[in-house]
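Below you'll find the structure, written out as structure tokens, and then a few comments.
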Amino acid sequence: MSTQYHISLPDPSKARGNDPDLSFRSQGAAGFAEELQDALRSTVLFDKWRAKQPDPDAVEAQWGAADPSATVTGSQDDLRINLVATTRIDSDVFKQRLRMLAGHHWELRDVR
């Protein structure tokens, strides 16, 4: 069953993770949505992150989950970016991906 996450980026210019190689690069709603969607649909972001770990082989497989049917839409509301992600990925994995992409500069507004 899919879950719908409503995410807000209150200050999009700060929505960057600790590692520039893994962080959002976009400035607009469509770009943020596309980058998050790619991070959910494939293992590319996870693979980059895992390769940077001290013991990549020790990383649990659950963190590499992908949902090829995940969708993300984005909209701008004044200075804030709102994203709606629909995915089958577990909430812990979803939040980890967002922390890689945006650091702690995002808010979970609703889950359905």
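The values are calculated or read from the model by the stated rules, or taken from the named source; none is laboratory data. If you're wondering where the values come from, they're calculated on a predicted model, not measured in any experiment. Don't worry about glycine lacking a Cβ; one is built from the backbone with ideal geometry, like all the others, and counts go over all protein chains shown. When the accessible area is computed, the model is the full protein with side chains, heavy atoms only, and any ligands, DNA or RNA have been set aside. Shrake-Rupley method; radii C 1.70, N 1.55, O 1.52, S 1.80 Å.
Residue check, residue 87 against (1) open to solvent by 60 Å² or more (accessible area, probe 1.4 Å); (2) in contact with an Asp or Glu (Cβ under 6 Å, 6 or more places away or on another chain); (3) hydroxyl-bearing (Ser, Thr, Tyr), all met but one. Which one?
(1)
From the list 77, 55, 47, 38, which one is open to solvent by 40 Å² or more (accessible area, probe 1.4 Å) and modelled with pLDDT under 95? Outline the logic, then answer.
Working: 55 fails: modelled with pLDDT under 95; 47 fails: modelled with pLDDT under 95; 38 fails: modelled with pLDDT under 95.
Testing whether each residue is open to solvent by 40 Å² or more (accessible area, probe 1.4 Å) and modelled with pLDDT under 95 leaves just 77.
How many residues does the stretch 1-40 hold that are closer than 13 Å to residue 80 by Cβ, within 11 Å of the chain's Cα centre (by Cα) and assigned to a helix (DSSP H, G or I)?
Residues meeting the conditions: 1.
Across the stretch 90-112, what is the total count of residues that are loosely packed, with under 13 Cβ neighbours inside 10 Å and either of a type in the set (Ser, Thr, Tyr) or out of contact with any strand residue (DSSP E or B) (no Cβ under 8 Å at 6 or more places or on another chain) (or both)?
Final tally of qualifying residues: 3.
For a quick check of your reading: which strands (runs of 3 or more DSSP E) sit entirely within the stretch 57-112 and have at least 3 residues that are touching a residue at least 60 places away in the same chain (Cβ under 8 Å)? Don't jump to the end; show me each part of the working.
Working: elements: 71-77, 80-87, 107-111.
By residue number, 80-87, 107-111.
Give the residue that is nearest to residue 112 (Cα to Cα), with candidates limited to residues of the stretch 3-58 that are hydroxyl-bearing (Ser, Thr, Tyr) and in contact with an Asp or Glu (Cβ under 8 Å, 6 or more places away or on another chain). Please lay out each step first, then the result.
Quick first cut of the stretch 3-58, residues hydroxyl-bearing (Ser, Thr, Tyr) only: 3, 5, 8, 13, 23, 26, 42-43.
From what's left, in contact with an Asp or Glu (Cβ under 8 Å, 6 or more places away or on another chain): 5, 8, 26.
On the way: 5: 7, 8: 15, 26: 26 Å.
Result: 5.
When you check residue 51 against the structure, is it among the hydrophobic types (A, V, I, L, M, F, W, C) and without any contact (Cβ under 8 Å) to a residue 24 or more places away in the chain, yes or no? Walk me through how you get there before you give the answer.
On the way: among the hydrophobic types (A, V, I, L, M, F, W, C): yes; without any contact (Cβ under 8 Å) to a residue 24 or more places away in the chain: yes.
Taking the combined requirement at face value, the residue satisfies it.
Show the residue pairs that are 6+ apart or on different chains and have beta-carbon atoms under 7 Å apart, the first residue being within the stretch 30-42 and of a type in the set (S, T, N, Q), the second being open to solvent by less than 10 Å² (accessible area, probe 1.4 Å).
Partner pairs satisfying both residue conditions: 37/70.
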